[in-house]
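Asks: Structure provided below as structure tokens; questions to follow.
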Amino acid sequence: MAGRQRLTAKFVATVTEPGTYGDGGRGSHGLILRVRKAKGGGVTKSWVQRLIINGKPTHLGLGPTWLVSSAEARELALDNHRMVRKGGDPRRGAGIPTFAEAVEQVIAMHSAGWKEGGRTAEAWRTQLATHAASLADKKVDRITPGDVLGVLEPIWLTLPEIARKQRRRISSVMKWAVAQGYRIDNPAGDALAAALPRQQSATHHLAVPAEKVANVIAAVHASGAWQGTKLAFEFLALTACRSGEVRFATWTEINREARVWTIPASRTKTSTEHRVPLSDAALRVLEEAEQIVDGSGLIFPSLTGRPQNDSTLSKLLREMGAGMVPHGLRSSFRSWAAEATDYPWEIAEMALGHTVGTKVERAYLRTDLFDKRVQLMQDWADFLTRSPKSSQRT
């Protein structure tokens, strides 16, 4: 522990070197300034008090420095010291938030980075209230791995996806509590995994081998489906985009001269703009789509002029016995790119609109590698259209 001098307000405000700094001098009562590296860069600073409670060394979180001043921390440390001398346990006192209060703190901290107008915060509150109600009124420093296990075990096998989300959310709240100095461990961390039963492997989207995609396109065109549905499916296959991105695509997003479709951030899963290179075949689909322009601005409108329902393509493929779902086209494309081409991993991932690299790597990779993706998407289109069946129209 560094230093024996009393910590000054200036030092607390300016120190950036991770470590523990004792509030030296008489009357410190075990008060410590803890400085830790933050995941997003910079550091977090919190007050911690070392006490002997019931004969055991204990580190008690007193709160972050942005919330608790040095003077307040010293007052808290003195009060806790007095309580311990009288046989009490300050961990049972006020000042430490409940789980429900901590959830609101975490939501407030992360909400700025969540998609505007989204329902992430609502989902946090609703699902935690439904499946983790037993934690709501517990102080964050009193929650044990057993408490978390009690929340997760009843839904771990019956609602696996929700259970995994709950564990991640609880873990985020507990990590926040650790960072703020309210506790020193994460009861929803890796150690909990050993106590949970093994879940079945996640179900993957039903897909067909890349070699069969052209046949499915031809079968769709030979069906009695609405022309807008047929063209939407082919465009979906050629661009390897998500179904919703195609169904809601508008003509204003297309630049045929530059051969690019720009999907705005508001319509992508990653909330970042995604530029899609348009191959010769994709441009041909757009030419055919001009025959069904209805004034709605949509490239592939439904018969009513509204965006196509998200189940329309799925139902068509199911009735055809195609053995796949629309999202499976992305899997077919990804398998083809990995097995039949020499394109680097990150090129194929960016073509799918995936986020590539760590946060630090993305800070330096300030390009979407568009020029390199142009040839990839043309090669994919050539692969799909080389079969005579894929060019059939009805």
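Please treat every number below as a calculation from the coordinates, not as lab data. In this text, all values refer to a predicted model and were calculated from it rather than measured experimentally. Positions of Cβ are generated from backbone atoms using ideal geometry, with glycine treated the same way; all protein chains shown enter the neighbour counts.
Asks: Provide the FRET efficiency to the nearest 0.05 for the VAL43-ALA258 pair, computing r from the beta carbons and using R0 = 45 Å.
Replies: Computed FRET efficiency for VAL43 and ALA258: 0.50.
Asks: Under 5 Å between amide hydrogens, which residues at least 5 positions from HIS327 or on another chain qualify, with H placed 1.01 Å from N in the peptide plane?
Replies: Residues meeting the criterion, in which the H sits 1.01 Å from N, do not exist here.
Asks: If each residue of separation counts as 0.36 nm, what is the full-extension length gain between SER134 and LYS269 once their alpha-carbon separation is subtracted?
Replies: 45.4 nm
Asks: Give me P(r) over the chain, computed from all C-alpha to C-alpha distances, binned every 20 Å, as integer percentages.
Replies: Pair shares across the bins are 22, 40, 26, 11, 0.
Asks: Going through the DSSP H helices of the chain, which span 20 Å or more along their own axis at the Cα atoms while scoring at least -1.0 as a mean Kyte-Doolittle hydropathy?
Replies: Qualifying helices: 70-85, 160-179, 370-385.
Asks: At a threshold of 8 angstrom on Cα-Cα distance, excluding pairs fewer than six apart, so keeping six or more, what relative contact order does the chain reach in percent?
Replies: Contact order relative to length: 12 percent.
Asks: Run the simple label-point estimate for GLU161 and ASN215 please: 7 Å along Cα→C-beta, distance reported in nm.
Replies: Between GLU161 and ASN215, the label points sit 2.9 nm apart.
Asks: Which one, VAL178, ALA188, MET109, is farthest towards the positive end of the dipole of the stretch 99-195 when Lys and Arg carry +1 and Asp and Glu -1 on their Cβ?
Replies: MET109
Asks: Run the quick spin-label model on GLU122 and ALA108: label points 7 Å from Cα toward the beta carbon, then report their separation in nm to one decimal.
Replies: Distance between label points: 2.2 nm.
Asks: Within 10 Å of each residue's Cβ, count the other Cβ atoms and sort ASP23, ASP190 from fewest upward.
Replies: By the 10 Å Cβ count, ascending, the order reads ASP190, ASP23.
Asks: Which residue fluctuates the most in the chain, going by a Gaussian network model with Cα springs under 10 Å, if the choices are LEU238, LEU78, LEU384?
Replies: For the chain, modelled as a Gaussian network with Cα springs under 10 Å, the answer is LEU78.
Asks: On to the next question. For an R0 of 51 angstrom, estimate the FRET efficiency from the Cβ-Cβ distance between GLN227 and GLN5 and round to the nearest 0.05.
Replies: Efficiency for this residue pair is about 0.05.
Asks: Cross-link list LYS86/LYS138; LYS10/LYS86; LYS86/LYS175; LYS315/LYS372; LYS139/LYS165: which exceed 29 angstrom alpha carbon to alpha carbon?
Replies: LYS10/LYS86; LYS86/LYS175; LYS315/LYS372
Asks: Between GLU17 and ARG36, how many nm apart are label points set 7 Å from Cα along the C-beta direction?
Replies: Distance between label points: 2.1 nm.
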